[in-house]
Amino acid sequence: MERRIGKNLASIGAVAFLVIGCLYVLRPFLAAILFAAAVVISSWPMYLFLLGRMNGRRSLAALTLTLTLTLLVIVPIGLVAYNLADDVGRLYDQIKLAVETGHVEPPGWIRRVPLVGDWLHGYVRTLVSSREQMMEVAKQMLEPARHYLLGGGIVLGAGVAQMSLAAFVAFFLYRDGQALLRATRVAMERIIGESAPRIASTVSHTVRGVMYGLLGTALAQALVAALGFAIAGVPGVLLLGFATFVMSLVPVGPPIIWGGAAIWLFSEGKTGWGVFMLVWGLILISGVDNVVKPMLISRGSDMPFLLVLLGVLGGVMAFGFVGLFIGPVLLAVGYSLLREWTGAQPAAVMKT
């Protein structure tokens, strides 16, 4: 009996050591693998549809979906990251040249600021008229702003690299997904028992619901926002549309983008277009979140507001750019499994 217990403990220790070793080796690629798994689970019905249309050619169906992911997501993000780095460098050089030559004038809209407009305009004019003061301000503000914006471009670039690796991993998950599913079912049944099929169904529905809700809503808001920016004549439509896509993943994020665009329009004296941007943002851009997200999530996880926020912020801190998607998905799966285990129902006031 003691020999059998010792043998079991040795087996458990060996398995644990092997698992820890595998995780340590895969640690640099963990974010890409998790993102690829979430994407594959979300789009698995589409893969099965393509597999049937392509007469069971697994490699061809997997390659089709992988290329689609690359063209629709990775390439646009890569172009935005490249343009952001290029535009930031050009803008910094222009501002630096203007400061050094003294050709800086305060914008006219400063006078129209209620109560303090005239004072603020005079202060800015005095500041820019003194080359020494302006250079001091430039040293304090321009360089940190440049590093901050370039840092954002680096984060996007790292996100492109992670997504490219995720696309590569996703190809093999698609192609060998059916064998992986069978092995996963057997392992779950041996570890969990009879409740394994129910838990597997909960996980798959949760991942699909969250991914559909996050990506679908973000994409819809980005497209509607880009259309509004183009109609109103706001510059940088591509960059602002992508910013809306990213900020859509954060609760109450898109108003920061379209609100800033409206303020810019007002500052340029385009009052009518500024009002249009406010109406467009309130009714259409932000309205998408209330209409599209419930439709897309449907049977997925109905996550509380706090978990969405912590999932986005914690995911970015832990995994970088792709953590925008991985964080909420992981918390949603944990939340759904906890509800499944306890049978608890979330409070209505905690919903997003």
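Values computed for the structure shown
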{"read-out": "Contour excess over end-to-end distance, with Cα ends at PHE276 and SER204 and 0.36 nm allotted per residue", "value": "21.8 nm"}
{"read-out": "Contact order normalised by residue count of segment 161-300, Cα under 8 Å, 6+ apart, percent", "value": "29"}
{"read-out": "Sorted by Cβ neighbour density within 10 Å, fewest at the top, the residues ARG208, ARG339, ARG198", "value": "ARG198, ARG339, ARG208"}
{"read-out": "Difference of contour (0.36 nm per residue) and Cα-Cα distance, ILE283 to LEU18", "value": "90.0 nm"}
{"read-out": "For TRP44, TRP280, order by how many other beta-carbon atoms lie within 10 Å, fewest first", "value": "TRP44, TRP280"}
{"read-out": "Karplus (6.51, -1.76, 1.60) ³J(HN,Hα), θ = phi - 60°, over segment 57-68, in Hz, Gly and Pro reported as x", "value": "7, 5, 5, 5, 5, 5, 5, 4, 5, 5, 5, 4"}
{"read-out": "For ILE192, ILE41, order by how many other beta-carbon atoms lie within 10 Å, fewest first", "value": "ILE192, ILE41"}
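Read-outs: derived from the displayed coordinates by stated rules, not from any lab. All values derive from a computational prediction rather than experimental measurement. Reconstructed Cβ throughout: ideal geometry from the backbone, glycine too, with neighbour counts over all protein chains shown.
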